[in-house]
1. Give me the percent of the accessible area of segment 1-128 that comes from carbon and sulfur atoms, probe 1.4 Å, all protein chains in place.
2. Could you list the trypsin sites (Lys or Arg not before Pro) in segment 95-148 that lie in coil according to DSSP, counting only those with at most 14 other Cβ atoms within 10 Å of their Cβ?
3. Give the cross-link partners of Lys72 among the lysines, using a straight C-alpha distance below 20 Å as the criterion and excluding same-chain residues fewer than 8 apart.
4. Taking every pair of alpha-carbon atoms in segment 27-95, give the share separated by more than 21 Å as a whole percent.
5. Solvent-accessible area per residue for segment 25-109 at a 1.4 Å probe radius, Å²?
6. Based on the Cα gyration tensor of segment 101-148, what are the three equivalent ellipsoid semi-axes, each the root of five times an eigenvalue, rounded to whole Å and given largest first?
7. Could you order Met39, Met28 by accessible surface area, starting with the largest, using a probe radius of 1.4 Å?
8. Please give every one of the lysines within straight-line cross-link reach of Lys3, meaning a C-alpha to C-alpha distance under 21 Å, and leave out same-chain neighbours fewer than 8 residues apart.
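The values are calculated or read from the model by the stated rules, or taken from the named source; none is laboratory data. Everything numeric here is computed off the predicted structure, so don't read it as measured data. Cβ placement follows ideal geometry from the backbone for every residue including glycine, while neighbour counts extend to all protein chains displayed. Quick note on the areas: whole protein, heavy atoms, side chains included, nothing else; ligands and nucleic acids left out. Shrake-Rupley method; radii C 1.70, N 1.55, O 1.52, S 1.80 Å.
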Amino acid sequence: MSKIEKYELLQQQTKALCAGETDQVAMMANVAAAIHQEMGFWWTGFYRVQNDELILGPFQGPVACMHIGYGKGVCGTAWKQGATVVVPDVEQFPGHIACSSESRSEIVVPVKSAAGEIIAVLDIDSKDLATFDDVDKQWLEEIVKVFE
């Protein structure tokens, strides 16, 4: 199955999982699990916006940082910019927060509410360099629309 076919299936699955659900944390838990299982990424999870920082939310993978400041690291940068950030080599990203030395590349996608506010970010890490591309960006941005 191609990457695009996996994402098409994943988008259908996440829509079905979240249909009618109002609890965002429950939705984040299932979306993270579905992405992680289907795509086989090393770490997949959400950081929720709480006041002036991102707080660790539902995730799949090894333990992670629990607090990230606004504009800090890849997650905080995506939150501040309000745009997806794709990092082919985390060691080349100024201010990267190394929750694990095994993370080599990363993609962070802002998650918006129906009102258009950023409520969280979807953070995905890989043990390999340059894992994420425009296909991942496009499909992950579509998948997180279940929170709108």
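1. Answer for segment 1-128: carbon and sulfur cover 48 percent of the accessible area.
2. Here the trypsin sites (Lys or Arg not before Pro) that fit, given the DSSP loop and packing criteria, are Lys127.
3. Qualifying lysines at Cα under 20 Å: Lys80, Lys112.
4. When all Cα pairs of segment 27-95 are counted, 26 percent exceed 21 Å.
5. On a per-residue basis, segment 25-109 sits at 46 Å².
6. That gives 23, 12, 6 Å for the three semi-axes.
7. Met39, Met28
8. Cα-Cα hits under 21 Å: Lys15, Lys127, Lys137, Lys145.
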